[in-house]
Amino acid sequence: MADTKILISGASVAGPALAFWLTRYGFDVTVVERAPSLRPGGQAVDLRGTAKEVLRRMGLDERVRAACTDTRGETLVDRKGRTKATIRADDFDGDGVVAEIEILRGDLTDVLYESTREKAEYVFGDRIVALDERADGVDVTFASGSRKTFDVVIGADGLHSGVRALAFGEESRFVRHLGSYLAFFTVPNRLGLRNWAIGFDDVGRSAGIRGIRDGDEAMAYFGFTSEQVDYDYRDVEAQKALVRRFVAGMEWEAPWLLERLDEAPDFYFDSCAQVVMESWSRGRIGLLGDAAFCPSPLSGQGTSLAFVGAYVLAGELAADLDGGLKRYEAIMREFVENTQEMGRDNAESLFAKSRTALRLRYLMTRVMRLMPFAALASRKMRDVVNGIDLPDYPAPRLRT
């Protein structure tokens, strides 16, 4: 397989995770990333259920856990900072709202990059601008002007995938807005949080802070409901203006957080949306992770789907290069659809629609930790996050 060249677009999580497995099967792998370097920080992401088994098979479990935020729970407070409910990471077998394995996206990317950079070629500051598919491969043109031919091209370039646009059509055909937006950014840890998070819910809005990096810093977020807003997803200043507009007047620590927006080195903002496609591949061009089947951040399963999908896709390509993309989709489809259904359900209940709904939410959060309610909620979550039987592929050999 050393003569089989595979190009991956995207060096966040799904791309390097796929590169990990492909290089171990002996493929010649190139990862192209439009950013000039790995992007630091970012929101906390989780690994749940079957994805934890994939991590174990990668042999990276210890390294990822060592880099985790180690958030042990979250306190929900009212506008005056009074405790209303508490959620713990060990609730629901570690696969609940606060997950056992929770890590900043940038830290997870670092682990994956360090474990693949000697076997895969990474090209930063470039992107794919044209794809010319042939029967036995794909001719690729890059923004830099270079042209190369690959046996397979995989778009692992996120919700706003460039590969998907080139190969399947414009974004509006596949992206389904779920009625809310999220922003994440690093702030000073003024509350002295260590291994803990605090969340504040308002009607149609929320905010929160968690301690990260052993309490040296904190990660903040804002969330709010809205019909789809037309904005440039690469215009950071316009995104900050949207956040200020929709969360104006929030209490608790919200005013202070808004003052920190312009200082944040890693501001991230996007809609809570899903990608729904009839097929994730066309000939020798395929999609992985959010580019193919984003379940939305509200599912808590985007990173897990990327990890499981990378494992399955690499194994199927190694078994049958021509039929691997279709087999990968057949294996993953039900798991993805059940996860997306959970994401849509969560979107309906995440933001309270009234003060009465807020009070009911606090009550339900306290009750859900009690038996038998906890057992029921745990079983429902467990059924989704473990909703796929991992194939046992032949043990890959490291390419020399």
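Read-outs: derived from the displayed coordinates by stated rules, not from any lab. These figures come from a predicted structure and were not determined experimentally. Ideal geometry is used to build each Cβ from the backbone, glycine not excepted, and the neighbour counts take in all protein chains shown.
Hey, can you rank 5-14, 332-341 by average C-beta count inside 10 Å, highest first?
Details: 5-14: 26.2, 332-341: 18.8.
Going from most to least packed, we get 5-14, 332-341.
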* To do: Add +1 for every Lys or Arg and -1 for every Asp or Glu among the other residues with Cβ under 10 Å from the Cβ of residue 31, and state the total.
  => -1
* Can you pull the one-decimal nm distance between simple spin-label points at residue 123 and residue 395, each 7 Å off the Cα toward Cβ? => 3.5
* **Distribution of pairwise C-alpha distances over segment 70-159, 5 Å bins, in %** => 3, 10, 12, 13, 12, 11, 8, 8, 8, 8, 4, 3, 0
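Packing-wise, with mean Cβ within 10 Å as the measure, how do 304-316, 147-159 rank, highest first?
Working: 304-316: 27.0, 147-159: 22.6.
In descending order of packing, they fall as 304-316, 147-159.
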* Structure fact -> Given 283-294, 267-278, 381-392, the highest-first ranking by average Cβ count within 10 Å works out to 283-294, 267-278, 381-392
* **Flagged links, alpha-carbon separation over 30 Å, of 80/380; 119/380; 52/240; 80/353; 5/380; 119/326** => 80/380; 119/380; 52/240; 5/380
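So what is the 222 nm mean residue ellipticity for the chain from helices alone, if each DSSP H run of at least 4 adds -39500 (n - 2.57) and you divide by all residues, rounding to the nearest 500 deg cm²/dmol?
Working: 12 runs with 135 residues, N = 400.
One gets -10500 deg cm²/dmol as the mean residue ellipticity at 222 nm.
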* Between 0 and 90°, nearest 10: helix 236-247 axis offset from the chain longest Cα axis -> 30
* To do: State, to one decimal in nm, how far the label point of residue 65 lies from the label point of residue 171, with both points 7 Å from Cα in the Cβ direction.
  => 3.8
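At a temperature of 37 °C and a viscosity of 0.692 mPa s, determine how fast the chain diffuses translationally according to Stokes-Einstein, using the Kirkwood radius over alpha-carbon pairs as Rh; express D in µm²/s, rounded to the nearest whole number.
Working: Rh = 21.7 Å.
For these conditions, the coefficient is 152 µm²/s.
Counting only C-alpha contacts under 8 Å and six or more residues apart, can you give the relative contact order of the chain as a whole percent? Present the calculation step by step, with values, prior to reporting the outcome.
Numbers: 828 pairs, mean separation 89.1, N = 400.
For the chain, the relative contact order is 22 percent.
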* **Contour excess over end-to-end distance, with Cα ends at residue 147 and residue 82 and 0.36 nm allotted per residue** => 17.4 nm
* If you average 1/r over all unlike Cα pairs in segment 237-339 and invert the result, what Kirkwood radius do you get in angstrom? -> 16.2
* **Histogram of C-alpha separations across segment 115-233, 10 Å bin width, %** => 11, 25, 23, 25, 14, 2
* Taking Rh as the Kirkwood radius, which is the inverse of the mean 1/r over Cα pairs, what is the Rg/Rh value for segment 181-320? -> 1.06
